[in-house]
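Notes follow once the structure below has been shown.
The values are calculated or read from the model by the stated rules, or taken from the named source; none is laboratory data. Values in this document were obtained by computation on a predicted structure and should not be read as measured data. Methodologically, a virtual Cβ is constructed for each residue, glycine included, from the backbone with ideal geometry; neighbour enumeration extends over all protein chains shown.
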Amino acid sequence: MALSGVEIFKLLPKTNCKKCGHPTCLAFAMKLAQRQASLDACPDVSEEAKRKLGEASAPPFRPITMGAGNSVVNMGEETVLFRHEKKFVNPCALAVEVKDTDSEESIKAAVDALRDSELERVGQKLRIDAIFIKEVSGDPAKFSQTVLSISAQAPDMPLIISTTNPAAAEAALEKIPGTRPVLYGANESNAEAMAETAKKHKVILGVYAANLDALSELTEKIKATGVEDMVIDSGARTAGDILRDNTFIRRAAIKKSVKSVGYPVISFAQRDDHMLEALVASLCIAKYSSIVVLSSIEKWKSLALFTLRQNIYTDPQVPMQVEQKIYSIGEAGADAPLMITTNFSLTFFIVSGEVENSKVPARLAVMDSEGLSVLTAWAAGKFTASKIAQFIQESGIEKEISKKELIIPGYVSILSGAIEEKLPGWKVVVGPREANALPAFLKTMN
Amino acid sequence: MALAAPKETYAGRVFEVTIGTSKTAVFGGENVLPFHKFDGDTPHKPVIAFEIQDVAPEDWPDTVKEVYGDAASDPVKWALYCQNNLNAQAIALRLISTHPDRENRSADDAAKTVKAVLDSIEVPLIILGSNNVEKDATVLVAAAEAASSRNCVIGKAQEGNYKTISAAAMAQNHKLIAMSDLDINLSKQLGILITQMGFEKERMIADPMCSALGYGLEYTYSVMERIRLAALTQNDVIMQPPMLADIGMYVWKVKETQASEADLPKWGSLKERGIAWEAVTAGAMLLAGAELLIMRHPDAVRSVQKFIEEF
Ligand code: B12
Ligand code: SF4
């Protein structure tokens with residue numbers, strides 16, 4: 001539970017020595033309560049006060065990192081329920097399920113698909129983040145062998161090892177030391193043994209209970225054994241149950257500072273109907289899961305889910321933007337065409353992608369418009385004739401090109417006369433409205 | 001320690017709206033966030049309308065066009081196909097051919113099409129203009145008259161044409177879509193202007209402007225969430241009409257629903273990709289607060305309905 005300024009004050013030395021930079025201990029306590037100061041600033045605070053304050057000031061969702069290689073997954077740290085309040089912090093990881101009873105070929109195919117899942121969208125590299133390896137065989141040797149072989153095939157990929165058998169967990173974890181996987185499968189009947197194994201191998205423990213009440217009790221019990229890093233599963237499987245439990249968990253941790261559910265949530269979206277699976281996974285992404293497990297990763301499905309995740313996790317205050325400058329696409333010589341657009345990431349990547357498609361070497365002048373799209377920037381007065389003229393003049397591009405010709409987006413054709421007036425000696429050409437018409441257009445320019 | 005379920009209750013409630021006459025559809029009525037039945041009442045499931053046009057869908061991508069085939073050559077046939085073969089809960093007829101840059105058909109022509117469609121179907125009809133502010137002001141008035149007493153939805157009234165369109169919807173006893181540009185304050189302002197004309201707020205449907213997955217979806221998502229929160233927490237009656245997400249027209253023009261797998265092997269099968277794009281956009285809009293959806297691909301509609309059944 002967050003402490004008030006007065007409660008914090010009671011824990012301070014009360015000497016008003018000012019070493020913290022504040023006139024009194026009380027003033028310092030008030031700043032701490034507002035999270036505008038750090039306890040380190042007071043040199044004389046007692047160990048006990050440190051412990052109590054540390055607990056109270058811990059974030060509502062424990063920050064946890066899964067994996068150890070180049071592609072770790074950060075989870076937790078969320079502070080709000082709605083994205084318009086503040087940026088959601090750590091994007092929901094997508095994991096694909098394989099079973100230790102699957103054939104070697106099908107496991108290899110799954111790992112290959114996973115490696116091949118990476119794509120780039122709006123300048124971000126996106127990929128399936130983890131493999132969920134489920135023990136179905138009942139045979140610890142077989143399970144650990146499967147885990148080892150997958151880990152060898154995809155050494156950097158974070159793993160989620162799923163078994164309720166502590167012996168199988170032990171056997172598997174021994175084979176992959178130092179990889180910091182999730183060991184998923186602690187429940188009411190095996191909690192102690194699983195907690196021991198998790199501690200011994202320093203892994204994250206995945207905790208399952210059949211409902212939220214039982215889950216909250218179980219995490220407290222496990223925490224008392226010394227396991228700090230958990231991901232939690234309330235047993236919700238339908239869309240309605242996932243929404244309910246994830247919402248209750250978010251509210252409890254953030255609004256009521258309930259620590260026993262302040263952990264990243266793992267959800268399961270597997271369905272025979274893959275389109276429905278994509279929708280349930282969308283719910284998990286939008287509504288508070290930290291990991292969602294999928295049955296398969298067709299490319300169309302990952303593309304849609306990556307995109308949704310990107311949308312939900314962008315900063316609501318600052319649109320994604322790229323640097324203002326004149327980009328060369330291909331071997332742009334002095335006679336290459338020059339185009340202008342705004343610095344909204346989406347606009348830039350769509351337009352530059354189409355220019356690449358055209359195979360016509362060209363220059364794309366990207367003007368700072370505070371991350372707004374062409375029409376929005378125009379409507380907001382940030383993509384005007386005088387601003388465009390000034391940007392082109394100050395860029396010095398005139399000296400590098402043989403023909404003073406500027407291609408503008410079709411949607412702002414209305415600007416062409418005014419730009420010509422403000423850029424003496426230049427000719428303005430109105431390009432197509434939609435970027436997908438650019439390849440054909442650029443070819444006719446040549 | 002057992003967890004005390006942190007439930008929320010709210011002061012406000014979304015208006016319940018019924019459309020159609022012989023067969024009706026009802027949406028809205030909840031006093032909680034979307035699908036939050038664990039907090040309060042969610043009396044109705046969202047309704048999905050199939051989009052059809054008054055001309056053959058030459059401008060739609062092949063993946064959607066081919067589902068309808070010859071049925072789409074005529075609006076009456078198309079509407080019947082949606083109602084009888086696809087079990088549509090409602091139909092949204094877009095009078096796209098009235099746009100001055102398209103066939104520029106007259107308001108009279110549009111009215112005839114509306115009448116012909118209404119005479120043949122039983123499910124509720126949503127009548128949409130071509131989104132040309134001036135032209136819609138005449139087309140939708142004629143359409144509202146042609147549809148008199150059938151309890152249709154007329155749209156969209158915007159800042160530039162709401163007066164004539166709301167007057168017509170009011171006179172002919174229809175429901176009205178009020179569309180504004182992705183901004184909670186603009187949405188509220190339009191709601192105020194329309195109700196000041198005497199149009200009942202309980203008969204309005206708000207369209208805060210949809211956007212496709214990957215193309216501004218986050219803006220619509222957050223504007224809808226904020227509108228719904230204002231309706232519930234502040235009991236702001238102007239924000240309490242149900243919301244519309246007009247999905248198909250935004251989704252089926254983006255690159256992800258058109259580019260072939262040969263051109264972009266990393267994007268996977270075009271057919272599933274297009275359907276997923278429409279379905280995931282719809283899913284996100286539902287979670288943000290939309291109660292009425294307009295969609296194009298029957299497979300996307302079916303998946304979204306299955307998704308709704310899971311709540
Ligand atoms: C999302 C959005 C917003 C977001 C901003 C998103 C952003 N980062 O820009 C928000 C909500 C903040 C917003 C605000 C406003 N918006 Co706004 N917004 C939109 C919306 C829905 C999508 C814009 C978008 O992202 N497009 C996608 C990008 C990729 O498009 P693009 O940059 O134009 O690029 C395409 C083409 O132009 C072309 N292209 C781009 N560069 C180049 C270069 C060359 C050489 C060529 C040939 C082609 C080319 O290729 C691209 C793809 O085809 C549009 C409506 C719509 N559906 O289009 C309205 C829209 C742009 N907004 C509009 C308006 C009026 C506003 C506001 C002034 C009003 C308001 N709501 O308060 C404010 C102004 C903002 C401000 N700061 O004051 C109007 C503009 C009206 C007009 N025709 O002038 C629109 C068209 C809505 C409408 N009324 O129909 N908006
Ligand atoms: S440094 Fe510590 S003891 Fe000194 S005034 Fe600040 S809070 Fe009080």
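Within region A:367-381, residues that are closer than 17 Å to A:Gly410 by Cβ and within 12 Å of another protein chain (Cβ to nearest Cβ) sit with their Cβ atoms under 9 Å from residues that are more than 7 Å from ligand 1 (Cβ to nearest atom) and of a type outside the set (Asp, Glu), at 6+ positions apart or across chains, in these pairs: A:Leu375/A:Phe383; A:Leu375/A:Val412; A:Thr376/A:Ser369; A:Thr376/A:Lys382; A:Thr376/A:Phe383. Here A:Phe441, A:Phe391 are screened, and the one residue that is more than 9 Å from ligand 1 (Cβ to nearest atom) and away from chain B (no Cβ under 14 Å) is A:Phe391.
Residues that are at pLDDT 95 or above and out of contact with any Gly (no Cβ under 6 Å at 6 or more places or on another chain) number at least 3 in the following helices (runs of 4 or more DSSP H) confined to region A:261-377: A:274-286, A:299-312. Total residues in region A:159-175 satisfying the condition of being crowded, with 19+ Cβ neighbours inside 10 Å and either in a loop (DSSP other than H, G, I, E, B) or outside the structural domain of A:Asp139 (by TED's automatic domain parsing) (or both): the figure is 1. When A:Pro316 is tested against the conditions (1) more than 14 Å from chain B (Cβ to nearest Cβ); (2) within 12 Å of ligand 1 (Cβ to nearest atom); (3) surrounded by fewer than 20 Cβ atoms within 10 Å (Cβ to Cβ), the lone failure is (1).
A Cβ distance below 6 Å, combined with a sequence gap of six or more or placement on separate chains, defines the contacts here; from region A:137-148, residues that are closer than 14 Å to A:Thr164 by Cβ reach residues that are at pLDDT 95 or above and of a type in the set (Gly, Ala, Ser) in the pairs A:Pro140/A:Ala167; A:Pro140/A:Ala168; A:Pro140/A:Ala171; A:Phe143/A:Ala168; A:Phe143/A:Ala172. Being more than 24 Å from B:Lys306 (Cβ to Cβ), touching a helix residue (DSSP H, G or I) at 6+ places or on another chain (Cβ under 9 Å) and of a type outside the set (Val, Ile, Thr) is a description that does not apply to B:Leu86. Restricting to region A:208-222, name every residue that is within 14 Å of chain B (Cβ to nearest Cβ) and within 27 Å of the chain's Cα centre (by Cα). Result: A:Ala209, A:Leu212, A:Leu215, A:Ser216, A:Thr219.
Candidates A:Gly178, A:Gly206: the one that is within 29 Å of A:Pro91 (Cβ to Cβ) and either assigned to a loop (DSSP other than H, G, I, E, B) or among the basic types (Lys, Arg) (or both) is A:Gly178. Filtering region A:123-138 to residues that are surrounded by fewer than 19 Cβ atoms within 10 Å (Cβ to Cβ) and of a type in the set (Val, Ile, Thr) leaves only A:Val136. May I ask you to list pairs of residues, at least six apart or on different chains, whose Cβ atoms are under 7 Å apart, with the first in region A:207-235 being touching a residue at least 40 places away in the same chain (Cβ under 8 Å) and the second being surrounded by fewer than 15 Cβ atoms within 10 Å (Cβ to Cβ)? Hits for this filter: A:Ser216/B:Met1; A:Ser216/B:Ala2; A:Glu217/B:Met1; A:Glu217/B:Ala2; A:Glu220/B:Met1. Confirm whether A:Ser282 is more than 7 Å from chain B (Cβ to nearest Cβ), of a type in the set (Gly, Ala, Ser) and crowded, with 22+ Cβ neighbours inside 10 Å. Spelling it out, it is not the case that A:Ser282 is more than 7 Å from chain B (Cβ to nearest Cβ), of a type in the set (Gly, Ala, Ser) and crowded, with 22+ Cβ neighbours inside 10 Å. Contact map, region B:128-149: first residue under 22 Å from B:Ile19 (Cβ atoms) and at pLDDT 95 or above, second residue small (Gly, Ala, Ser) and part of a loop (DSSP other than H, G, I, E, B), Cβ cut-off under 8 Å, separation 6 or more or different chains; pairs are B:Asp136/B:Gly129; B:Asp136/B:Ser130; B:Val139/B:Gly129; B:Val139/B:Ser130; B:Leu140/B:Gly129; B:Ala143/B:Gly129. Among the conditions (1) over 20 Å from the mean Cα position of the chain (by Cα); (2) within 14 Å of chain B (Cβ to nearest Cβ), A:Ser328 misses just one, which is (2).
Looking at this structure, is A:Lys200 more than 24 Å from the chain's Cα centre (by Cα) and within 13 Å of chain B (Cβ to nearest Cβ)? It is false that A:Lys200 is more than 24 Å from the chain's Cα centre (by Cα) and within 13 Å of chain B (Cβ to nearest Cβ).
Results for (1) assigned to a helix (DSSP H, G or I); (2) crowded, with 17+ Cβ neighbours inside 10 Å, shown as yes or no for each residue.
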{"site": "B:Thr138", "(1), (2)": "yes, yes"}
{"site": "B:Arg150", "(1), (2)": "no, yes"}
{"site": "B:Lys156", "(1), (2)": "no, yes"}
{"site": "B:Thr164", "(1), (2)": "yes, no"}
{"site": "B:Met170", "(1), (2)": "yes, yes"}
{"site": "B:Ile194", "(1), (2)": "yes, yes"}
{"site": "B:Gly198", "(1), (2)": "no, no"}
{"site": "B:Gly214", "(1), (2)": "no, yes"}
{"site": "B:Glu218", "(1), (2)": "yes, yes"}
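Scanning region B:50-70 for residues that are touching a residue at least 12 places away in the same chain (Cβ under 8 Å) and out of contact with any helix residue (DSSP H, G or I) (no Cβ under 9 Å at 6 or more places or on another chain) turns up nothing.
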